Amino acid sequence: MINGNYHKKGSAAREAAVLSINDLGRYAIELEDGTVHRGELSHLNISERLGNVERKIRLEDGSVFGTLDNDAVDTLFKGAQKVNAFVHYLETHLKWIVVAVLVAIFTAFSFFKWGVPWASDKIAHTLPYSTNELIAKGSMDFLDEYMFEKSALGEGIQERIRQHFNENIAHISVDDESEIEYKLHFRSWTMGYTEIPNALALPSGDIILTDKFVQIAANQDEIDSVLLHEMGHVVHRHGLEMLIEGTFVTVAVMLMTGDGTAMGDMGVGLGSALLSSSYSRGHESEADKYAFDKMLKAGVDPKSFSNIMNRLTAYMSDEYQDNKQKKDDNVMDYFASHPSTQKRVDLANRYSECFKQGLTVCK
């Protein structure tokens, strides 16, 4: 604050007054009688300093504030001039500032949209297979503890499917990833009042079939088609890619927030991601194509895949409507995260036509 005198325009009378400035670049002159004059600093005209001569600060309406406290004027208005200069810079360079912000937003979007998936793919395929086993080790424990229950399927059914898988399906990908040791698990998965029909694979080669999925499948070929699809995810390391992508985002959040606990446990993170997220369309298409190519060579009609997918879709649609009425948000979110299967069914049918023609390669 600066003490001085206020001279009203056209009057020789002077009144004691106090001048103050705020951080927003505005001033206030308070007179003895309580009257306050306010305005923008940019509208003030400040006289040059001449020794200890009274400094004149002329207001927009022609009135004058005078003070002998030159040092205070210099100090106070020096900071204010910086504020005004910054405001002026923003006003005169607004176009370029907007452009810079838009470029920054686009760069960040591009990094997460295309850069992270590209880098994740390269990293996932560079890491040794032992990394898959290490990361997946805690995932099965997490799934069993928090999501799955012991399978209610009969031991005979489980053993029949497992034996068929080991003898006829598991060896099919040996040329792609000879280190993978596939292992089949059966679990019951219930969400709310709904039994979830699903199959999912961990990067280690552990594949889980839920009871409801086995019950919905009409025959072994339908089960095999989905098992081959899951093997496609393993061979192409989609689960590991998804985890690496999540880690990129987590690290970014950690760096921005400074929260070191955000990294969490990688095995638990993968288990949670497999349940709460869906593979990208690119991942699903790649796994589908892998399955269909292997089915042609194994003598299995890809039509089996479209049949089971249609049956699963019908079941999920019925359950979606049922849970919509019950307002079960958890189940609704799960169904909403899984994309339409029509394009995948169409591709399976195209491969089925190749199968009927006796082709082992479908273009």
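Before moving on, here are some points about what is shown:
- Phi angles across region 103-120 convert, under the Karplus curve 6.51 cos²θ - 1.76 cosθ + 1.60 with θ = phi - 60°, into 3J(HN,Hα) values of 5, 4, 5, 5, 5, 5, 4, 5, 4, 7, 6, 10, x, 5, x, 4, 5, 4 Hz, Gly and Pro given as x.
- Computed 3J(HN,Hα) for region 9-24, one whole-Hz value per residue from the Karplus formula 6.51 cos²θ - 1.76 cosθ + 1.60 where θ = phi - 60°, is 4, x, 10, 8, 5, 10, 10, 4, 8, 10, 9, 9, 10, 9, 6, 8, glycine and proline marked x.
- Under 5 Å between amide hydrogens, built in the peptide plane, is the criterion, and for S151 it picks out S188 among residues at least 5 positions away or on other chains.
- Length added when fully stretched, S63-M1, from 0.36 nm per residue minus Cα-Cα: 20.4 nm
- Filter on K122/K356; K113/K297; K212/K363; K113/K294; K183/K303; K122/K303 - keep pairs with C-alpha separation over 28 Å: K122/K356; K113/K297; K212/K363; K113/K294; K122/K303
- Residues of region 3-17 falling in the label zone of I46, defined by backbone nitrogen less than 19 Å from a point 7 Å along Cα to beta-carbon, are 3-7, 17.
- Taking amide H positions as modeled 1.01 Å from N, with prolines and chain starts lacking one, the residues under 5 Å from M191 and 5 or more places away or on another chain are I196.
- Karplus (6.51, -1.76, 1.60) ³J(HN,Hα), θ = phi - 60°, over region 191-198, in Hz, Gly and Pro reported as x: 10, x, 9, 10, 7, 8, x, 7
- R0 of 51 Å, Cβ-Cβ distance E167-Y193: FRET efficiency to nearest 0.05: 0.85
- Computed lengthening from N22 to K297, 0.36 nm per intervening residue step minus Cα-Cα distance: 91.1 nm
- Amide N of region 45-72 lying under 18 Å from the label point, which is placed 7 angstrom from the Cα of S11 along Cα→Cβ: 57-67
FYI, it's all coordinate maths here, none of it is from the lab. Because the structure is predicted, anything quoted here is derived from the model rather than measured. Every residue, glycine as well, gets a Cβ built from its backbone with ideal geometry; the counts of neighbours run over all protein chains shown.
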